[in-house]
Amino acid sequence: MATRKHRRHGGQAVKIVVTGPFAAGKTTLIRTISEITVLSTERGISDETRARKAETTVAMDFGRITIDRDLVLYLFGTPGQERFDFMWEILGEGMLGYVLLVDGTRPETDPEARTILDAFRGMARVPYVVAVNRSGEIDPDTDRRLRAELDLPLGVPLVACDATDRDSVKNVLLALLYSVLDELEAEVAHG
């Protein structure tokens, strides 16, 4: 597993990336969970996408959450628009894992999500989860559709998410951390 580990205050600091299509809720998710004021590079939108939201991330969002004194997560949110895709690889460098956030109310963005997911799967073999924002729970039809559209293996968790709810965001991050632990245990078991 390609990870770069940083030591900080006697504990472990790890990098988690939050990615997904434009307007999926990445900045909101990071703002909801971060214990620090989020560093954000949002700028006004001047093209046809302005009808969906007034600002977009052009470089990254950055937040932090302390799990305990031995573990700090640094959260990096990517831009969702493909014209800023050069930032995906930059932000993905050294990540422990990532969250692909999709908007459960906008299945028309699934092809965008697939493009982003393919780029991330190509740059690093690290655990990831798919969080379905704006959904109370994931019904079997949505599960089948997303797994087919995104070409998701059965082992990749699909997690319902409300990016504005702290407990919901915690559940997404916990699902990712459990996936990381499962992978580490599998690596140890296979020598």
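We did not get these values from a lab; they are worked out from the coordinates using the rules stated. Everything numeric here is computed off the predicted structure, so don't read it as measured data. In this analysis, Cβ positions are derived from the backbone assuming ideal geometry, glycine residues included, and neighbour counts consider all displayed protein chains.
Details
- Spin-label model distance (nm) - Asp167 vs Ala189, 7 Å beyond Cα toward Cβ: 3.2 nm
- Counted residue by residue at 0.36 nm each, then reduced by the alpha carbon distance between them, the extension gain from Glu82 to Thr115 reaches 11.0 nm.
- Segment Asp143..Tyr178, full-extension length gain: 10.6 nm, with 0.36 nm per residue of separation and the alpha-carbon distance subtracted.
- Extension gain from Glu35 to Arg134, taking 0.36 nm per residue of separation minus the Cα-Cα distance: 33.4 nm
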